[in-house]
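Inspection log for the structure reproduced underneath, given as structure tokens.
The values are calculated or read from the model by the stated rules, or taken from the named source; none is laboratory data. Every value quoted in this text rests on a predicted model; they were computed, and no experiment measured them. Because the Cβ atoms are built from the backbone with ideal geometry, glycine has one as well, and the counts that use them run over all protein chains shown. Side chains included, ligands, DNA and RNA excluded: accessible areas come from the protein's heavy atoms. Shrake-Rupley method; radii C 1.70, N 1.55, O 1.52, S 1.80 Å.
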Amino acid sequence: MEDLLYNSFMGNSVGNYLLCFGILLLGFFIRNLISKGFSRLLFKVFRKFSNRKFSEEFVGLLKSPFKLLFELIFLYIAFYPLVLPQSWNIIIYKGKTFLFILSALYELALIVSITWILLRLVDFISLVLMSRALLTEDKSDDQLVGFFKELIKFILAVFALFFVLGAVFNLNITALVTGLGLGGLAIALAAQETLGNLLASFIIFLDKPFKAGDLVNVSEITGTVEKVGFRSTRIRTLDKSLLTVPNKKMIDAPLNNITLSSFRRVRFSLKLLYSTRAEQLKKICDEIKAELQNHELVDEDITVRFTDYGESSLDILVVFFVKTNEWDVMMDVRERLNYKVMEIVENNGSGFAYPTRTLYLDKNFPST
């Protein structure tokens, strides 16, 4: 048996192969346990910051990236005693050997796992900060937490990319950055729209024309702001669809922050029959105005006027303000008043007009 363990195969003893297999098998069975245990141990560093909360969330965020990291560590430990065959040291691409590519892939996976851990730590920190921001009345801090979370994660990803290019693929980072500087003008022109949206996001955070949770109207879009990102703002419209609007459009176009308004304006035109007499028309206007004045949610600034002689109707303009900025409340008030207006028009012996045309036939006109 001892002789069998010392038998050599492809430059390594059978014992070394068994040791490698045993380490890999051990790592496969204990990777979950180690990743959970290490995550709980690391949480002690953040316990005071999180006020001893969110421990399970922390473990849930860090478990997967730590599992990948420990898998790579066990892989390194398992293959360290082995001597790789010289036949693998063949050139594959531009002087790079197969062993070099294997080593580069391993280093790349290692950097990815560490970057993944850092990104998940950023997620946890933003989770704690968001829980604190939700306790305040000002919702702009909620928006800031999400914005800086994305900003830091973007910076980490860029640093990781440059580190991979320099440490793994042995590229000259200084020359690469210089080349980017020389081509900066071309890049800026190509990414002009993206840079404009990025600048607009900073303007939104500094000027604060709106924040997450506000009901806004911009470029014929009405909805609730759900998130402000680097490039775009997500708006949940009144029909529950989610629109992504470029940040540049949010600051360039006239924007109405309905949440900051104390009133909702209602404006419509009544088109009555031409057979309506003057006294009927005046009584209809007076009764509609009285109905609006008696409504508890309607502001005193009311307009009910006979304005135009239309092509097929007598037009009454109705404008009033509802004392709310909630869409549902405003629509409920408008609906109830619409029913009342119909009753007023019917009770006064009039009716609503629709486009009509009268043709007069000349009996003396020769027929074909």
Check: So which pairs qualify, if the first residue must be in region 222-239 and without any contact (Cβ under 8 Å) to a residue 12 or more places away in the chain and within 11 Å of A212 (Cβ to Cβ), the second must be buried (at least 17 other Cβ atoms within 10 Å of the Cβ) and of a type in the set (D, E, K, R), the Cβ gap must be under 9 Å, and the two must be at least 6 apart or on different chains?
Finding: R234/K227
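Scan I117, I125, I111, I73 and give me the residue that is farther than 23 Å from I152 by Cβ and either modelled with pLDDT of 90 or more or open to solvent by 50 Å² or more (accessible area, probe 1.4 Å) (or both). Step through it out loud before you land on a result.
Numbers: I117 fails: farther than 23 Å from I152 by Cβ; I125 fails: farther than 23 Å from I152 by Cβ; I111 fails: farther than 23 Å from I152 by Cβ.
None of the other options fit; the residue is I73.
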Next item on the list: Check H295 against each of (1) open to solvent by less than 60 Å² (accessible area, probe 1.4 Å); (2) part of a loop (DSSP other than H, G, I, E, B); (3) touching a residue at least 60 places away in the same chain (Cβ under 8 Å); (4) not basic (K, R) and name the one condition it does not meet.
Entry: (3)
Check: Name the residues in region 254-270 that are crowded, with 17+ Cβ neighbours inside 10 Å and under 30 Å from G351 (Cα atoms), would you?
Finding: R264, V266, L270
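This table checks each residue for (1) part of a loop (DSSP other than H, G, I, E, B); (2) without any contact (Cβ under 8 Å) to a residue 12 or more places away in the chain; (3) in contact with a Phe, Trp or Tyr (Cβ under 8 Å, 6 or more places away or on another chain).
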| position | (1), (2), (3) |
| --- | --- |
| D301 | yes, no, yes |
| E311 | yes, no, no |
| V319 | no, no, no |
| T324 | yes, no, yes |
| M331 | no, yes, no |
| S350 | yes, no, no |
| P355 | yes, no, no |
Item checked: Every residue from region 298-310 that is open to solvent by 50 Å² or more (accessible area, probe 1.4 Å), at pLDDT 90 or above and in contact with a helix residue (DSSP H, G or I) (Cβ under 8 Å, 6 or more places away or on another chain) -> R305, F306
Check: Residues in region 133-164 that are under 22 Å from I204 (Cα atoms), in contact with an Asp or Glu (Cβ under 9 Å, 6 or more places away or on another chain) and not small (G, A, S): how many?
Finding: 5
Note to self: Of all residues being modelled with pLDDT under 70 and of a type in the set (V, I, T) in region 135-179, which is least open to solvent (accessible area, probe 1.4 Å)? Just the residue, please.
What the structure shows: I173
Next item on the list: Answer yes if at least one residue in region 121-132 is in a helix (DSSP H, G or I), of a type in the set (S, T, N, Q) and more than 21 Å from L61 (Cα to Cα), and no otherwise.
Entry: no
Check: Could you say whether any residue in region 90-101 is modelled with pLDDT of 75 or more, assigned to a helix (DSSP H, G or I) and in contact with a Ser or Thr (Cβ under 6 Å, 6 or more places away or on another chain)?
Finding: no
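Might you let me know whether region 267-283 holds any residue that is part of a helix (DSSP H, G or I) and under 43 Å from the mean Cα position of the chain (by Cα)?
Within region 267-283, the first condition is being part of a helix (DSSP H, G or I), and the residues that meet it are 278-283.
In the following step, the residues that additionally are under 43 Å from the mean Cα position of the chain (by Cα) were identified as none.
No, region 267-283 has no match at all.
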Check: Within the group R40, R52, which residue is open to solvent by 90 Å² or more (accessible area, probe 1.4 Å) and within 30 Å of C20 (Cα to Cα)?
Finding: R40
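Would you confirm whether or not region 348-368 contains a residue that is of a type in the set (S, T, Y), over 30 Å from E226 (Cβ atoms) and within 42 Å of the chain's Cα centre (by Cα)?
Going residue by residue through region 348-368, those that are of a type in the set (S, T, Y) are 350, 354, 356, 358, 360, 367-368.
Remaining after also requiring over 30 Å from E226 (Cβ atoms): 350, 354, 356, 358, 360, 367-368.
When the remaining residues are screened for being within 42 Å of the chain's Cα centre (by Cα), the result is none.
Checked region 348-368: no residue is of a type in the set (S, T, Y), over 30 Å from E226 (Cβ atoms) and within 42 Å of the chain's Cα centre (by Cα).
For Q280, are the conditions met, namely being open to solvent by 40 Å² or more (accessible area, probe 1.4 Å) and more than 26 Å from E150 (Cβ to Cβ)?
Details: open to solvent by 40 Å² or more (accessible area, probe 1.4 Å): no; more than 26 Å from E150 (Cβ to Cβ): yes.
When the stated conditions are applied, Q280 does not pass them.
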Notebook entry, point to check: If you scan region 311-349, which residues turn out to be open to solvent by 20 Å² or more (accessible area, probe 1.4 Å) and small (G, A, S)?
Noted result: S312, G349
